Amino acid sequence: MSLIDQLAEDLARLPGIGPKTALRLVYHLLKGTPDDARRLARSIRDVAERIHPCGRCGNFTEHDLCGVCTDDRRDPGIICVVEEAYEVGAIERTGRYRGLYHVLGGHLSPLDGVGPDDLSVPRLLDRVRGGNGVVQEVIVATNASIEGEATAVYLEGALRPLGLKVTRLARGIPVGSDLEYVDGSTLAEALLGRREM
């Protein structure tokens with residue numbers, strides 16, 4: 001296998017990158033300067049060597065604790081649980097959430113052999129129990145997939161006996177949508193989650 005084919009094969013393993021896109025990326029790198037390719041290689045190496053999960057929440061960081069966990073302005077009484085670390089960034093970009101996070105590292109999937117102990121569920125429960133009553137609410141922000149819903153139900157069952165308020169992200173109709181084009185389950189969720197004006 002040629003070096004070009006090997007790099008294309010490695011790039012095609014990335015999510016959202018198919019074989020044709022991977023090959024285009026390789027040729028784009030080859031058209032640039034060798035310094036551009038070396039800079040990219042250095043960045044990938046640095047990320048692989050220096051970035052790791054936060055010791056408290058599981059978000060990615062260069063330090064022992066991430067910037068959210070060390071921010072004194074955050075509300076320690078609220079923890080938002082997400083499946084993956086990149087979802088922390090999505091919530092942060094809203095500018096509306098000031099609590100802390102907990103990254104599960106995936107979702108429950110019994111068919112794939114993924115149970116609560118394969119995720120950071122035990123760490124979440126220890127974190128809540130060891131918080132001396134500081135944590136008052138856990139927002140379950142898992143995805144709206146079957147596995148995400150199963151994970152949310154499991155977490156609610158595990159957290160509610162601890163005397164916490166357990167909430168779920170609201171779901172509904174996207175801004176700018178026409179009702180006739182909204183699928184039935186989204187419309188049903190919007191009706192159930194309606195609020196007073």
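Can you work out the FRET efficiency for the pair Asp72 and Leu162, with r the C-beta to C-beta distance and R0 = 30 Å, to the nearest 0.05?
E(calc), rounded to 0.05, equals 0.75.
Between Gly157, Gly18, Gly172, which gets the highest mean-square fluctuation from a Gaussian network model of the chain, Cα cutoff 10 Å?
Between Gly157, Gly18, Gly172, it is Gly18 that shows the largest mean-square fluctuation.
Pop out the ³J(HN,Hα) list for the range 74-80 in order, Karplus 6.51 cos²θ - 1.76 cosθ + 1.60 with θ = phi - 60°, rounded to Hz; leave Gly and Pro as x.
Result, rounded to whole Hz: 7, 7, x, x, 10, 10, 9.
Enumerate the calculated ³J(HN,Hα) couplings along the range 176-185 in order (Karplus 6.51 cos²θ - 1.76 cosθ + 1.60, θ = phi - 60°), each rounded to whole Hz, writing x wherever the residue is Gly or Pro.
Those phi angles translate into x, 8, 9, 4, 5, 9, 7, 5, x, 5 Hz.
Where in the range 182-197 does the label zone of Ala170 land, with the point 7 angstrom along Cα→C-beta and an amide N cut-off under 17 Å?
Zone members listed by number: 186-197.
State, to one decimal in nm, how far the label point of Ala188 lies from the label point of Leu65, with both points 7 Å from Cα in the Cβ direction.
It is 4.3 nm.
Counting trypsin sites (Lys or Arg not before Pro) as exposed when in a DSSP loop with at most 15 other beta carbons within 10 Å, what is the longest stretch of the chain free of them?
99-170
If I compute mean projected area of the Cα convex hull in nm² from the structure I just sent, which labelled value in [x] 16.3; [y] 18.6; [z] 15.1 lines up?
[x]
Based on the Cβ-Cβ distance of Asp178 and Lys20, what FRET efficiency does E = 1/(1 + (r/R0)^6) give at R0 = 25 Å, to the nearest 0.05?
On the way: r = 35 Å, r/R0 = 1.39.
The formula returns an efficiency of 0.10 here.
How many angstrom separate the Cα center of the range 161-197 from the Cα center of the range 1-29?
When both Cα centres are located, 40 Å separates them.
Where a number appears in this text, it was derived from the coordinates with a stated rule and is not lab data. Being a predicted model, the structure only gives us computed values, none of them experimental. Please note: Cβ atoms are built from the backbone with ideal geometry, for glycine as well, and neighbour counts cover all protein chains shown.
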